[in-house]
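Q: There's a structure below that I have some questions on.
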Amino acid sequence: MPSNEPHVPPATNKASASLPIIGQPSTRRTALKGAALTLGLAAFGKAIWPMISIPENVSLDEFLQQHYKELSADDKQKVFARLATETKEKYGAKVTINDQRPIPGVKFAYAINLSKCNGNGKCMEACNIENNHHRGVDQSYIRVLEMTKGSMEMEHGSTTYTHDVPQDDKFYMPVQCQQCDNPPCVTVCPVEATWKEEDGIVVVDYNWCIGCRYCEAACPYHARRFNWEQPEIAAEEVNPNQGYLSNRIRPQGTMEKCHFCLHRTREGRLPACLEACPTGARVFGNINDPDSDINWILKNKRVFVLKEELGTEPSFFYFFDS
Amino acid sequence: MTDSKSTTSRKGVAIGLLIGGLTLAVIIVLTVVLSLGKRAAIGASFEPNPIQKNPKHSSLSDSSRPNHVLFPVKINRPNSGPRVDTDIFDNDGQPVTVSCQTCHATRAANFENRIPTDLNEFHNGLEFSHSSVSCLSCHNSDNYDFLKLADQTRLEFVDVMTLCSQCHGTQRRDYDHGAHGGMNGYWDLTKGPRTRNNCVDCHDPHVPAFPKMRPTFKPHDRFLSPTEPKAETHAK
C-alpha cells in the first residue's frame, strides 16, 4: 500500500463509533492463532525498524538510540544530555532531563470529586504549563467535559462551553489518561514504544514512537494526543524540570499522554493539575499505603470508573459526595 | 484524513517507510486485536511489560520503605482577626483600623441582630447568606474580638476552622482525608511537607457558597465539539 494512503485502517478510524478493543468473546482456538500471528509480526516489526533509512532531520545519534528499556545508565546520561542540548538549540532554554523511576512499593491512583469540580479548567492550563505543551493549540492532557446530570457517557459531554460554571443542570468531568491496569493502548503499539511501569503509570518513549496513532484509536478514554506540529514554547516558559518519559518537549509526530506528572510524583510531589485545582476536587496518592487519602476514598466513597464494562481497570476513580 | 502527510515531521519518512512495510502486518495485528480482543493472546506474543495485575494486593508493601520522620502538614491560617477601617490615615499614610471591641466593649450584645437587614446603625451593607445561622452563633457576645463555639468556648479568629467544623462535620471529615479542600506540596510526607487551604480560603464565612467561575483556558481540541464533525478530531 502506498504510504500516502491513510494509514489508520477504517476499523480504527476515529469516525467509527465504538472501540471494541476488549471485552469481546473469543474462542481459545482463535486466541492461540492470534498469539502465533502477532508473535511473528512483532518480531517482523522489530526486525525491519532499524533498516529504515534515516530521515533527514533526525540525527544519527537519535536514530541509533536504543529503546529506553535497553539503555544502560551510561547511555541514558548521554541521551539525556543530547536532548538537553537539542532543547537549548531549538528553544533557547536550559533544561535538565532526568530519569525518575518508580518508587518501590508505590502504586499510584487518582480520584476526582465530581461534587466539587466546577469545570473551571485550571487543571488543563496547569498541565499545559507543567508539561511543556505546544502553546499554539493550548495542548493539554486533560479534557474537562460538561455533562448533563443523569448521563455518564463521556461521548455526550461538551468541552467547548464558555459560560460561567457550574451550571445547575450540569456536572463537570475531567478526563485524562486513566493509567489502566489493562491498557489497550499498550497492546496495540506495534513497536513497544509505550508500556506500563510498576507504579501503574503508562509511559511513552517519545524517541521510539513512530507516530502510527494506533494507541490513540485504541484508547476508550480518548486520552492520547498526537503532536501534529513541532511544539512552540517561548524560552522563558519552558519548564526546565523535565523527565525523559514525561514532560520533556516531545518531537513532532509522536504520541503523548498524561503520565501523572511522573517527574514530580516519583519525587513525592503532587501532580500539577491537582495543585492547580481551585475547588479541591482532586485526590492523588499511593493505594498501597493503607493510610493514604486515596485509600480512604476508595473505602468510604462510592467510587466508579469510566467504561468499567471494557475491563480496562483504570487507576483513575470518580465519586460524588453523598 | 491528512495524517500521513507528515513529510515535515521529524520522523515522517520513517513513519512512511515503516507504514509502507508494515501496513499489511499491522492491519493484520489490528484485525486480530479487534476481533479477539483477548489481551492474553497479545500479551503472550509481545511479552512487553509485566502489568501489575491486582495492585491492591501487591506483594510490594510499604515495609520496603524506611520509616522516615514525616514532614508536617501545614494548614493556612488567617494572619489575625478582622479589624474595622476608620477612613483615617496615620502619619505614614497607613490606614488606621480599630478592633471590634473598640465599640462593642461598651455596647450590649444584641441577639436580635441576625441578618444584615437587622443592622441599621453600623455594618450596613454587610453581605450575608449562610442559611439561618445568626451573627452571635459565631461571634462572641462577651468579646467581639473572638469567635465562640456552641458550648460558649472562646475561639481565636485564626482558629476559625474549628468553628466551621462543629456544624460541618462531614465536610471536615472529608477534608481530613483530602477529599475536600485541596492541597499543595507532597503526597509523600517522607519526602516533603504539604500545605492545606483553610475553609475560609474558599468560603467566605458570611456568604459561604463557592463562587461561580468563568473558564479561561480551552485547548483547541475539537473533540466532542457540537459544531465540528467528529471525524475531524485534532485535524488541523
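Q: Quick one: what are the phi-derived ³J(HN,Hα) couplings along segment B:192-205, Karplus 6.51/-1.76/1.60 with θ = phi - 60°, whole Hz, x for glycine and proline?
A: Per residue, the Karplus-derived 3J(HN,Hα) values read x, x, 9, 10, 10, 6, 7, 3, 7, 5, 10, 10, 5, x Hz.
Q: Can you give the FRET efficiency to the nearest 0.05 for B:F71 and B:T117, using r as the Cβ-Cβ distance and R₀ = 35 Å?
A: The computed FRET efficiency comes out at 0.15.
Q: Give me the distance between the Cα centres of segment B:150-201 and segment A:251-278, rounded to whole Å.
A: 26 Å
Q: Among A:273-281, B:196-204, how do they line up from the highest to the lowest mean number of other beta-carbon atoms within 10 Å?
A: Answer by packing, highest mean first, reads A:273-281, B:196-204.
Q: Go ahead and collect, in residue order, the members of segment B:92-113 whose backbone nitrogen is under 13 Å from a label point 7 Å along the Cα-Cβ direction of B:N143.
A: B:100-102, B:105
Q: Once you average over the residues of B:170-180, how many Cβ atoms of partner chains fall within 10 Å of each Cβ?
A: Per-residue shielding by partner chains comes out at 6.
Q: Could you give me the ³J(HN,Hα) list for segment A:179-192, computed from phi with Karplus coefficients 6.51, -1.76, 1.60 and θ = phi - 60°, whole Hz, x at Gly and Pro?
A: Rounded to whole hertz, the list is 6, 4, 7, 10, x, x, 5, 6, 5, 7, 5, x, 10, 6.
Q: May I ask for the net charge around A:R264, where only other residues with Cβ less than 10 Å from the Cβ of A:R264 are counted and Lys, Arg are +1 while Asp, Glu are -1?
A: Once positives and negatives cancel, what remains is -1.
Q: Okay, next question. In this model, which of A:K257/B:K218; A:K301/B:K148; A:K122/B:K148; A:K76/A:K257; A:K76/A:K196 are farther than 27 Å apart at the alpha-carbon?
A: Violating the 27 Å limit, Cα to Cα: A:K301/B:K148; A:K122/B:K148.
Q: Measuring from centroid to centroid over Cα atoms, what is the spacing of segment A:124-182 and segment A:89-119 in Å?
A: What the calculation gives is 17 Å, centre to centre.
Q: How many Å² of accessible area per residue for segment B:81-155, probe 1.4 Å?
A: 71 Å²
Q: Please list, in chain and number order, the residues 5+ apart from B:G192 or on another chain whose amide H is under 5 Å from its amide H, with Hs placed from the backbone.
A: Amide H neighbours of B:G192, under 5 Å, 5+ apart: B:F71.
Q: B:I75: accessible area at probe 1.4 Å, nearest 10 Å²?
A: 60 Å²
Q: Taking the Cβ-Cβ separation of A:K90 and B:H220 as r and a Förster radius of 25 Å, what is the calculated FRET efficiency to the nearest 0.05?
A: Efficiency, from the Cβ-Cβ distance: 0.65.
Q: Using a 1.4 angstrom probe with every protein chain in place, what is the largest-first accessible-area order of A:K307, A:K107?
A: Per-residue accessible area, sorted high to low, gives A:K307, A:K107.
Q: Also, I was wondering about something else. Summing both sides, how much accessible area is buried between A and B? Use a 1.4 Å probe and give Å² to the nearest 100.
A: It comes to approximately 9800 Å² buried between A and B.
Q: Round to the nearest 10 and report in Å² the accessible area of B:T195, as given by a 1.4 Å probe over the protein chains' heavy atoms.
A: Approximately 50 Å² for this residue.
Q: Separate question: Can you give me the % of accessible surface on segment B:81-155 that is carbon or sulfur? Probe 1.4 Å, all protein chains present, nothing else counted.
A: 51 percent
Q: Now a separate question. What percent does the relative contact order of segment A:108-158 come to when contacts are Cα pairs within less than 8 Å and at least six residues apart?
A: Here the relative contact order equals 27 percent.
Q: Any residues in segment A:129-151 that have 50 Å² or more less accessible area with all protein chains than in their chain alone, probe 1.4 Å, and which are they?
A: Those residues are A:D138, A:R143.
Q: For segment A:261-271, just list the computed ³J(HN,Hα) in residue order, Karplus coefficients 6.51, -1.76 and 1.60, θ = phi - 60°, integers in Hz, with x standing in for Gly and Pro.
A: Karplus-based 3J(HN,Hα) across segment A:261-271 equals 6, 4, 5, 9, 5, 6, 9, x, 8, 7, x Hz.
Q: How high is the relative contact order of segment A:197-322? Use alpha-carbon pairs under 8 Å, at least six apart in sequence, and give a whole percent.
A: Over segment A:197-322, the number comes to 19 percent.
Q: When all protein chains stay in place, what accessible area (Å², nearest 10, 1.4 Å probe) is found for A:W296?
A: Accessible area, nearest 10 Å²: 40 Å².
Q: Could you work out the mean count of beta carbons from other protein chains within 10 Å of each residue's beta carbon in A:159-167?
A: Mean inter-chain Cβ contacts per residue within 10 Å come to 5.
The values are calculated or read from the model by the stated rules, or taken from the named source; none is laboratory data. Model, not experiment: these values are computed from the prediction. All Cβ positions, glycine included, derive from the backbone under ideal geometry; neighbour counts span all protein chains shown. Side chains are part of the model used for accessible areas, which takes the heavy atoms of the whole protein and leaves out ligands, DNA and RNA. Shrake-Rupley method; radii C 1.70, N 1.55, O 1.52, S 1.80 Å.
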